[in-house]
Amino acid sequence: MTALRPIEELLRTRARRYVPGMDFLLLLLAILGFLAVLRLSAVAGLRALGRGVEAFLAREVSEAHARRGDITALQAARITRTKTSRARLYAVLRLALTVALLVVPALSPWPRLIYATYAPLWLLFYRRRV
């Protein structure tokens, strides 16, 4: 136990260094990071909602083709139904991930640092749209 005492003291003194202005910069980056993940979460939620509507419509079309007995259209509708269900699953998983990215840092001892690391996520929003 005594061998670790100098290391513990060193860590304690290094952790208490104060750099003026860094708290404000860290807070600003944390706010930007939180807003970036919040925006990702909103987009993922809207995408999951849209994919859910698409899956519902594909299921209804598939059932209508089954009632009419149109086998060729039924096969195409089932393929579409499978694709939309998979897309809905991926959208819901992405929504769950972004919500976890919002909630988990709040439960940690260093929420500012973690949210500040999310700040570069704003670069994801500036994709070129052709």
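Take the Cβ atoms of residue 71 and residue 43, set R0 to 41 Å, and the FRET efficiency comes out at 0.60.
Placing one equal scatterer on every Cα of the stretch 39-121 and applying the Debye formula, the log10 ratio I(q)/I(0) at q = 0.25, 0.27 Å⁻¹ is -1.05, -1.13.
Just so you know, all these numbers are worked out from the coordinates, no wet-lab data involved. Bear in mind the structure is a predicted one, so any value in this text is a computation, not a measurement. All Cβ positions, glycine included, derive from the backbone under ideal geometry; neighbour counts span all protein chains shown.
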